[in-house]
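Asker: The structure under discussion is supplied below as structure tokens; questions concerning it will follow.
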Amino acid sequence: MKKQLTYIDLFCGAGGMSLGFDQAGFRNIFSLDIESDFCKTYKTNFPSHILIQNDIAKLTKEEIKNQIGNNEVDVIIGGPPCQGFSMAGNIGRKFIDDSRNYLFKEFARFVEIVKPNYFVMENVARLFTHNQGETKKEIISVFENLGYHVKCKVLNTANFGVPQVRNRVLFIGNQVSKNLFFPAEKQGNFKTIKNVIDNLPPLKSGEKSDIPNHVAMKHSEQMLEKMKYISDGGDRNEIPERIRPKSGDIRKYIRYKSSEPSICITGDMRKVFHYSQNRALTVRELATIQTFPIGFIFKGSSISQQQQVGNAVPPVFAKEIALNILKMATSDAQIS
């Protein structure tokens, strides 16, 4: 087997998957995303990578081939946004036929054109059970028709050293052999949120620090009044009834539980509060929970930075996926 495997990162976002694959020793051929702020962050942290800022659907077969040049691509990675959950399955409608899932089709088009030995597609866990499992079967059949052996599995990042309960479905494809397996879950204690963010400087509402992206959101007096009643791991039921929010998402107006891994980090965590400080978490704290190193800088507005962090694959998890592909490739090389 050759010394260094290569990858293309589609829908790369801030670069969580790229970072994990780089750390596992892979070489980036190019990455692609359309969002301007996400691309600014990516360029800042991966200055040596080629980044294409464009709509994936606008890249022609010739442009893709030219961008690859003489390089052999070992693996394509990415998490195409899949939004057609509400429609698919209704009155016989298929997931693949929903126009909102064109980005999944674009990922598949890339795989068809490039023909990498492997691909890894990451997505939300509900894809696994959606439409009584039919959606999962549809996706697998698309790649099988392209000549790949495919398996999918839901994995929880907390089982891979990430201080966060984050369930994601992984589709792994192998064109070289039927040799398919997933990274092994680590045994032992979970990392807690307190394990990883407690050493960051404490901040009050609206306060800044010298650490990049460690800036506290400025909360209204009414919000500060509400959150002060909520204990470590508590929820809105601890807020006095006269000021308690009566409706809205039950995942809001809660505090992180310091003795457990974090709940899943999303693109908007403004109403989930620090376990001991009266404020929402900073972008730096959220990024630390997502296992980005402290030197990884996020660009753009604060809400854009939160979205970048929330959308990312945790780099520590991505590295486990990459090492798993390396094992597969080594095994395949021995078979052949």
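Asker: Output the 0 to 90 degree angle, nearest 10, between the alpha-carbon long axis of helix 302-311 and the longest principal axis computed from the alpha carbons of the chain.
Answerer: In the chain, helix 302-311 runs at an angle near 50 degrees to the longest axis.
Asker: Taking springs between alpha-carbon atoms closer than 10 angstrom, which of Ser220, Ser31, Ser276 fluctuates most in the Gaussian network model of the chain?
Answerer: Among Ser220, Ser31, Ser276, the largest GNM mean-square fluctuation belongs to Ser220.
Asker: When the chain is fully extended, how far beyond the present Cα-Cα distance does Lys3 get from Lys218, taking 0.36 nm per residue of separation?
Answerer: Gain on stretching Lys3 to Lys218: 72.4 nm.
Asker: Additional query: Need one number: % antiparallel among DSSP beta bridges in the chain, to the nearest 5.
Answerer: 45 percent
Asker: Let me ask another. If you take the beta carbon distance between Thr44 and Ser302 as r and set R0 to 22 Å, what does 1/(1 + (r/R0)^6) give as a FRET efficiency, to the nearest 0.05? If you can, show how the numbers build up before the last one.
Answerer: On the way: r = 16 Å, r/R0 = 0.73.
E between Thr44 and Ser302, to the nearest 0.05, is 0.85.
Asker: Right, another one. Take the Cα pairs of the chain, get the Kirkwood Rh, then feed it into Stokes-Einstein at 20 °C and 1.002 mPa s and tell me D in µm²/s. Could you put the intermediate results ahead of the total?
Answerer: Numbers: Rh = 21.2 Å.
Reported coefficient: 101 µm²/s.
Asker: Which residue fluctuates the most in the chain, going by a Gaussian network model with Cα springs under 10 Å, if the choices are Gln308, Gln164, Gln187?
Answerer: Comparing Gln308, Gln164, Gln187 in a Gaussian network model of the chain, the most mobile one is Gln187.
Asker: Additional query: If you take the Cα atoms of segment 283-327, find Rg, then find the Kirkwood Rh from the mean of 1/r over all pairs, what is Rg/Rh?
Answerer: That ratio is 1.06, to two decimals.
Asker: Given a Förster radius of 45 Å and the C-beta distance between Lys58 and Ser259 as r, what FRET efficiency does 1/(1 + (r/R0)^6) yield to the nearest 0.05? Mind dumping the intermediate values first?
Answerer: Values: r = 48 Å, r/R0 = 1.07.
FRET efficiency, Lys58 to Ser259: 0.40.
Asker: Quote to one decimal, in nm, the extra length available between Asp210 and Ser276 on full extension: 0.36 nm per residue of separation minus the C-alpha distance between them. Before the final figure, lay out the partial values.
Answerer: Numbers: separation 66, 0.36 × 66 = 23.76 nm, distance 2.08 nm.
Stretched out fully, the Asp210 to Ser276 stretch lengthens by 21.7 nm.
Asker: Can you tell me the alpha carbon radius of gyration of segment 180-247 divided by the globular rule-of-thumb value 2.2 N^0.38 Å?
Answerer: Rounded to two decimals, the normalised Rg is 1.63.
Asker: Taking the Cα centre of the chain as the origin and placing charges on Cβ (Lys, Arg +1; Asp, Glu -1), which of Ala329, Ser209, Phe181 is farthest toward the positive end of the dipole?
Answerer: My answer, from the dipole projection, is Ser209.
Asker: Add +1 for every Lys or Arg and -1 for every Asp or Glu among the other residues with Cβ under 13 Å from the Cβ of Leu286, and state the total.
Answerer: Residues close to Leu286 contribute a combined charge of +2.
Asker: Turning to a different aspect of this structure: Sort the following peptides by mean Cβ neighbour count (other Cβ atoms within 10 Å, averaged over residues), highest first: 102-111, 140-149.
Answerer: By packing density, highest mean first, the sequence is 102-111, 140-149.
Asker: Gly173: net charge of surrounding residues, Cβ under 9 Å, Lys/Arg +1, Asp/Glu -1, itself excluded?
Answerer: Combined, the nearby Lys, Arg, Asp and Glu give 0.
Asker: Which of the lysines could a cross-linker bridge to Lys204, judged by Cα under 23 Å and excluding same-chain residues fewer than eight apart?
Answerer: In chain and number order, the partners are Lys194, Lys218, Lys226, Lys228, Lys252, Lys257, Lys271, Lys299.
Asker: Still on this model: If we sort 240-248, 258-266, 125-133 on the protection proxy, mean other Cβ atoms within 10 Å, highest first, what's the order?
Answerer: Descending mean neighbour count gives 258-266, 125-133, 240-248.
Asker: Compute the FRET efficiency between Asp249 and Ile68 as 1/(1 + (r/R0)^6), taking r as their Cβ-Cβ distance and R0 = 35 Å, and round to the nearest 0.05.
Answerer: After rounding to 0.05, the efficiency reads 0.20.
Each value in this text was obtained by applying a stated rule to the coordinates, not by laboratory testing. This one's a predicted model, so the numbers in the text were calculated from it and none came from an experiment. Here the Cβ is made from the backbone with ideal geometry for all residues, glycine too, and neighbour counts use every protein chain on show.
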